[in-house]
Amino acid sequence: MKTAEGMVDWFNLYKGFGFINMGNKRVYFRKKQIVDAGVLYRGDMVKFQIFDSKKGPFAKRVCLVSRQAKNKGGFCEKTVS
């Protein structure tokens, strides 16, 4: 386990998961791992603990560091029923 920073690349509140971009790596995270922020938006800068698994890297304890003002209008990806 190590602490890392990255930018939210994709998050879907309804599906309950998303991905964080760390330059050359894409890190998976689940909604229940978000600390304090509740919802994350594409472009949000986050800090997290990164773990390795057979399926690739995943994040725990995802904390919002900064939010882009333009991203406050909606989820990264909405599912329309």
Extension length gain for Arg61 and Asn21 (0.36 nm per residue less Cα distance), in nm, is 12.8 nm
Diffing segment 45-54: the Karplus 3J(HN,Hα) column from phi (6.51, -1.76, 1.60, θ = phi - 60°), in whole Hz with x for Gly and Pro, holds 8, 10, 10, 7, 9, 10, 10, 9, 9, 4
Under the Karplus curve 6.51 cos²θ - 1.76 cosθ + 1.60, θ = phi - 60°, whole-Hz ³J(HN,Hα) for segment 5-15, x wherever Gly or Pro sits = 10, x, 10, 5, 8, 7, 8, 10, 4, 6, 7
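From the P(r) of segment 5-66, could you give the percentage of C-alpha pairs in the tail past 15 Å? Can you show the working numbers first?
On the way: 716 of 1891 pairs.
Pairs farther apart than 15 Å: 38 percent.
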So for R0 = 25 Å, FRET eff. of Val39-Glu5 from the Cβ-Cβ r, to 0.05, ends up at 0.85
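Read the figures in this text as sums done on the coordinates, not as results from a lab. Please read all numbers here as calculations on a predicted model, not as lab measurements. Note that we place each Cβ from the backbone using ideal geometry, even for glycine, and neighbour counts take in every protein chain shown.
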